[in-house]
Each structure stands twice: as C-alpha cells, then as structure tokens.
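First the structure, in the form of structure tokens, and then the observations on it.
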Amino acid sequence: MVTDRQDGGEAGLRRDAVGVREVLFQSITAMAPGAAVVASIPGGAAFAGGSLPLSVLVALIGCLLTASCVGELARHLPDAGSVATYSAQGLHPAVGFLVAWAYVFVEALVAPLLLLQLGFTMAGSLHGQWAGYPAQLWWPWALAGVAVITVAGVYGIRVAARLGTALGLFEIAVFLLLAVLLTVRAGAHNTWSVFTTAHTAPGFSGAGGVLAGSVYCILAFAGFESAAPLAEEAHRPRHTVRLAVLFAALGVGGIYVFTTYAMAVFYGPDRFASFGAEGAASWGGVARASFGLMWVLVFLAVVNSCVGNANAGVTTATRTAFAFGRIGALPRALAVVHPRHRSPVVAVGAQCAVALAVSLGLGFGYGPTTAFYLVATIIVTVVIGVYIVVNLACAGFFLRRRRAQFRLVPHLLFPVLGIAAFVPALLTAAGLPVFRFVAKLAAPVSYAGAVVGVWMLLGTGVLLVLWRRHPRRLALVGRVHAQDEEQRTPHRSGAAPE
C-alpha cells in the first residue's frame, strides 16, 4: 500500500484519470434520477397537485443557484476536499473541518441508504410477481449491492466512473422513453396549465402549494455537487468539474421537469394530488396498467438507480475521507491508496463496512423501509446544511480572497438566493413545523435530528482538540493539493495552468 505524501514526491490519487463524461455522470448518478422521479418528486404532489411540474421548475432554479456557486469555487479550488475546502477558504478552516466532518458522515450513509432501497424494492417486486418469494427477504440483495460497490471502489476511479456512466445512461433512457409514451398517449390532454398554479392540491391553493411542492422536489437534486471531490482525478479539473456540476443540475433537472409534466398530463392534473410512490397511482402502477411489461423497465431502472447512487456515494465519501486523512484532520489510514489502482483502499473498506453495519443493523432493527426513511432524513438534513454553508463560502471567498474577480450576481446575489431557497427545505427535512406544510416527524425517523446533533457535537470536540494540539493540521483543511501539483508539474504544451 502507498500513503499520500505532502512533498514533491506525492503518491496519491491517479491524475487525469477521468474526463468530462465520467465526472458528469458522477454527479448524475449521485442524484439518482430514476429513484428521484419515482419516489422523491411525487412527495410534492400532495401540495402542488397537477401543478407539480411548476414546482420542479422552481426547485431547479433554486438548485442551479447553488450549483453555480459550487462551480465558481471548483474553478479556483480544485481539490478532493471539495465543499470542505471551499468552506475553509471562503469562511474559516474550522468551518471547513466541520463541513468535512458532516460531509464524510452523510456521504458514508448514502450507500447503506441505497442498499436498503435495493433490498426492499427487489423483495417487494419479486413477492408481487411470485407470492412464494418472502416479502421480508431483502438482505441478500443488500449484500449483493455491497459486493458490487466494493469491487468498483477498489479497482479505482476509472472502473467506478464507467459503471456510473453506464447505469446513469440506462435509467435516464428508460424514464425519457416512458415520458415520451405518456405524452403521446395524453394526446389532446397535453396542456401548459400544469406550469401555472391552476391545479394545486386542495387546501394548498396558488403559489403556496407550488412552493410547498418545490421544497419536496429540492430533495431530488441532492448530489449534484458530487463531481467536485473528483477534482484531483479529473482531466483539466477547473474546467471539467465546473461544467459537470452545472450540467448535472441543469440536465437532470430538465429530465425531472419533462417526466413530471408527462405523468401529470397523462394521469390528469386535477387528480394528481393523490399520486405517490406506491400503488396504482405511481410510476410503477401506471406503467403496469397502461404499458404492460414496461413496468419491468421501470423496476430495473429504479434498481439500477440504487446501485448507481450507492457507487457514486462511495466515490464521494472515500475521496473526501482521503483528502482529510492525508493532512491528519481525519485518521491518516484513510489516505492509504492501492499501489496499482491508486484508489483510497482503506477508505473504501471502511465505507463498505459502514454500509453493511448500517443497512443490516437498522434494516433488521426497524425494517428496511423505516430504516430507509430514517437514514434519508439524516442525509438530507446534513446535505442541505452543507449547501447553505457553501453558498456563504462562495460569497466569502470572492469578497475576501478574490476581490479583483468579484462579480455581484454570481458571487453575492446567487449565494443569497440559494440560501433562501434551501432554508425551507432544511426545516422540512428536519421536520420542524415552521411552515404549515411541514409535517412533524414520527419516531424513529424523528431521531434523525438527535443523530445529526450528536455527530456534530462529537466533531466540535475533535475540532477543539485539533485547535489546541495540532493547529497546523487544521490550517491544512484549506490547502488545494491539485493546485500544488500544477505548480510542481510542467505542462505538456508549455502553457500556463488553467
């Protein structure tokens, strides 16, 4: 094994290993478009009703504001530490450490979340087709998922990225095909009125219903920033990562708008408030009733989305852990890389151990579906909090460190609007009933806030120890390693760094 060194002979992640396509699909698969279309976005139908396509459009605009901030920071700070490095540079190294602490934790939970969904999706579908298959026999599929993501993680970023690209293309193709079929079948019922407030759910009329629906739609965009931790393995990272983050948010957002529109006009805008994630009034139910075996493709796309998202989560978590292991802010063992594949193999092993422990432990303890919602609530709460901090960091970075390059709209207005878009989503994810449409969470899902609080208190304790005993390690949270590499390595063309 090899550990990353901080001198001129650095042996770390493989440079120039992936291009725009692979980096783009890292963000796309992290967003899990198949699972989001089927499960996340329909959550907003109870508020927006047949105006849900407008809610998705509003959510897309809000997420593009933050994606712009991430892209601007990635252009100046190409580092595997990504959002934590941005926060350290734009605000303070202590904030960067806490963001790293939160981000590694939450990304480590992405894999078990999707393994739980893979398990109950496979078990439920097989039981529905063949009654002899036990509906509760979900865990073998979770184990199979662990095997796939472990192998992809150990074999390095090229294998993981190619797997993500293939899986992402499949699920996108399935839902685009189904959306086209739905639009054609809708015929004369196609209408632009679903992009107005005319079809909101009873009790949530007008703009209020649309905004409430958009809060639930925002959750489907989580993961668009996942290209950023690949900065040290991407070709031309300042350009590649920025494009990937922006195009993932815009491209997948466009797919969300189109698929939601297609289902709304096909199912009927005025009865769309009853549409959900399961049963006859769902993507699977409509596909089964109206297109026969098309439901099989929908099922496979959701399963595919689970594996792709888990794979993307492993990539993001292990690169972030690697970045902070090498400076000693997290255990240095996390910076150990495979001598041949140049993957952070110890971090991959730790991630897969966490995936097994969390998915099986919570799955057997609460049941896979309840465990899924508990883990999802933890993830969404932390990720949205990270997005808010990154927006602040964007403004701080350009005001404090790049004043000559500061521009009012992308570096101040967009961060402020991005924060405004995510605050209601944060309150919703945490189940804090500040708004009328926020539902108070029931146990055990309500434990999510306590779990996040305990983890962040523990991180604050570690931060204080670093502050007192290892201040240099804390200062290194803001170091941009890829930039250091650019300065050490001659450019092939003799041109200046990007």
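The values are calculated or read from the model by the stated rules, or taken from the named source; none is laboratory data. Predicted model only: the values in this text are computed from it and were never measured. Note that each Cβ is placed from the backbone with ideal geometry, even for glycine, and that neighbours are counted across all protein chains shown. Heavy atoms of the whole protein, side chains included, go into the accessibility calculation; ligands, DNA and RNA do not. Shrake-Rupley method; radii C 1.70, N 1.55, O 1.52, S 1.80 Å.
Quick notes on this one:
- When Glu232, Glu278 are screened for being more than 19 Å from Ile41 (Cα to Cα) and at pLDDT below 90, only Glu232 passes.
- Selection within the stretch 336-368 - part of a loop (DSSP other than H, G, I, E, B) and more than 23 Å from the chain's Cα centre (by Cα): His338, Pro339, Arg340, His341, Arg342, Gly367
- Here is the figure for the stretch 62-93: residues that are hydrophobic (A, V, I, L, M, F, W, C) and open to solvent by 10 Å² or more (accessible area, probe 1.4 Å) total 3.
- Hits in the stretch 116-137 (condition: over 23 Å from Ala227 (Cβ atoms) and in contact with a Cys (Cβ under 8 Å, 6 or more places away or on another chain)): Leu118, Thr121
- Residues of the stretch 369-387 that turn out to be of a type in the set (A, V, I, L, M, F, W, C) and more than 12 Å from the chain's Cα centre (by Cα), as a count: 5
- Which listed residue, of Arg162, Arg158, Arg185, is among the charged types (D, E, K, R) and modelled with pLDDT of 85 or more: Arg185
- Flag if Cys352 is at pLDDT 90 or above and open to solvent by less than 40 Å² (accessible area, probe 1.4 Å): no
- Any hit, the stretch 122-143, residues being open to solvent by 50 Å² or more (accessible area, probe 1.4 Å), assigned to a helix (DSSP H, G or I) and among the aliphatic types (A, V, I, L, M): yes
- Lone qualifier among Val314, Val337, Val302 - being open to solvent by less than 20 Å² (accessible area, probe 1.4 Å) and under 20 Å from Gly43 (Cβ atoms): Val302
- Across the stretch 99-119, the number of residues qualifying as farther than 17 Å from Ala357 by Cα and surrounded by fewer than 24 Cβ atoms within 10 Å (Cβ to Cβ) comes to 2.
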